[in-house]
There are 2 protein chains.
Amino acid sequence: MSAIKQSHQDAIRKATELFWAKGFHATSMRNIQQAMDMRPGSIYASFGGKEALFKEALNAYTANSQASLQASVAAAGSPLAGLKQFVIDAVIGGAENAPSGLCMLVKTISELTDEHADLLAEARRLLSVLEDDFAVVLQRAKEAGELSESSDCTRLARYLQMQLMGLRAYARTNAGGDEQLRALIDDTFAIIGKS
Amino acid sequence: MSAIKQSHQDAIRKATELFWAKGFHATSMRNIQQAMDMRPGSIYASFGGKEALFKEALNAYTANSQASLQASVAAAGSPLAGLKQFVIDAVIGGAENAPSGLCMLVKTISELTDEHADLLAEARRLLSVLEDDFAVVLQRAKEAGELSESSDCTRLARYLQMQLMGLRAYARTNAGGDEQLRALIDDTFAIIGKS
DNA sequence: GCTAGATTTGAACGATCGTTCAAGACATAA
DNA sequence: TTATGTCTTGAACGATCGTTCAAATCTAGC
């Protein structure tokens, strides 16, 4: 990758961090200028305006999440174990690792209205991409014998996606108690495993 | 209630709608001035600044949610049936009735950072109030024989709260498919009922 | 070294933000 | 009617918003 392409990606990574942490409206272009160490003209020449930059940030975030999921699955002993570790990291480590503990796509869907219909649609699309990734891993778990032959992986992926949203949101509510969160995650995977 | 007190409450209701629909940052005081049909001086004299008004909106929202829950339980044949109907209304009707389909308190926790630590704390506090209400209803369900004697109502309330967060967030993702949502709710209450 | 094209700079624009406050409108009691 | 205290008005403030663009700087080919 060329140096210019590299710095381009670094800049997007910085913007993604900011948008993720503060949301779309609370992040100002001046915040981004400072984080990128770039002047407004350069940013607008490279990325377009705030909305275009946010869209790139959403995609960068999703690509990163997909890579994390694959890494978890590869590191774990089995597809289902990897999936569970991915969830644990997202929910428990969320408060420290991730800017707010929440998924950036869910934050976006929560914050934005039809006033930014394109960004809303992009976040929805990317969430379904991640859900599809879940389904693929679950399918592999099924093939590995971790799930019964009759399991509906698409439905389980939907359940897992919904559950992950709830877990991360609840984790941000709940001041103490990682054990409570772990118990909820255990319950979730017990239910998935039974199906 | 005096007429002045009534108009005061009406004004807060309007502000709550706006804040709920658009979030804290995207709602401007001028939006609120227009919705309330009041001039800035009056608003600042009556409610204080934007943050104080938002805090009142959070409380008004919560009081309304509590009333809805009690109404659902009263209308239904049993505590558990009322609880389920409350969830169904929140998740399925959410997209139409509620400004964004999401709980205002969860939206707040998702949007705000430590920059507004007091508002964040207030939203967290109110969410735990609602969770306590869930626990009370579940306790009544237990007493009515809808749950086993060994059920831990506090834990079930936590589970329900988390589940509701996930369901409402997922509902905003999912363009079509009320049936999918209904199925997820059925699953949730099947699990609660089994405990 | 010189020139032409691409890139970066940072001051500046108009709009809008949350908030203030002197001045006007209104209500109440004498 | 007049005086007095309360509430309302809307223009205005300084700050910050997303964005633009002429000028300065850098880069590459001859």
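The values are calculated or read from the model by the stated rules, or taken from the named source; none is laboratory data. On a predicted model such as this, the values are computed, not experimentally measured, just so you know. In this analysis, Cβ positions are derived from the backbone assuming ideal geometry, glycine residues included, and neighbour counts consider all displayed protein chains. Protein only, heavy atoms only, side chains kept; ligands, DNA and RNA dropped before computing areas. Shrake-Rupley method; radii C 1.70, N 1.55, O 1.52, S 1.80 Å.
Could you check the simple spin-label distance between A:ASN97 and A:VAL129, using points 7 Å along Cα→Cβ, in nm with one decimal?
Here the modelled spin labels are 2.0 nm apart.
May I ask you to work out the translational diffusion coefficient for region B:57-194 at 4 °C, viscosity 1.567 mPa s, via Stokes-Einstein with Rh from the Kirkwood sum over Cα pairs, reported in whole µm²/s?
Estimated diffusion coefficient is 84 µm²/s.
Efficiency by 1/(1 + (r/R0)^6): what FRET value for B:ARG30 and A:THR154, r their Cβ-Cβ distance, R0 = 41 Å, to the nearest 0.05? Could you put the intermediate results ahead of the total?
Numbers: r = 46 Å, r/R0 = 1.12.
So the FRET efficiency works out to roughly 0.35.
At 25 °C and a viscosity of 0.890 mPa s, what translational diffusion coefficient does Stokes-Einstein give for the protein assembly as shown, taking Rh as the Kirkwood radius over Cα pairs? Give it in µm²/s as a whole number.
Answer, rounded: 110 µm²/s.
Treat each spin label as a single point 7 Å out from the Cα along the C-beta direction, and report the A:GLU115 to A:SER78 distance in nm.
4.9 nm
What distance in nm lies between label points placed 7 Å from Cα along the C-beta direction at A:ALA190 and B:ASP186?
2.3 nm
Give me the accessible area buried between chains A and B, both sides summed, with a 1.4 Å probe, in Å² rounded to the nearest 100.
Using a 1.4 Å probe on protein heavy atoms, the buried area is about 3100 Å².
What relative contact order, as a whole-number percentage, does chain B give when Cα pairs under 8 Å and 6 or more residues apart are counted?
Relative contact order of chain B: 21 percent.
Residue by residue through region A:115-121, what is 3J(HN,Hα) from phi via Karplus (6.51 cos²θ - 1.76 cosθ + 1.60, θ = phi - 60°)? Round to whole Hz and write x for glycine and proline.
Calculated HN-Hα couplings, in order: 4, 10, 4, 5, 5, 4, 5 Hz.
Per residue, how much accessible surface does chain A expose to a 1.4 Å probe? Answer in Å², no decimals.
Ligands and nucleic acids excluded, the figure is 44 Å² per residue.
Which percent of the accessible area of region A:55-194 is formed by carbon and sulfur heavy atoms (probe 1.4 angstrom)?
Accessible surface attributable to carbon and sulfur in region A:55-194 totals 50 percent.
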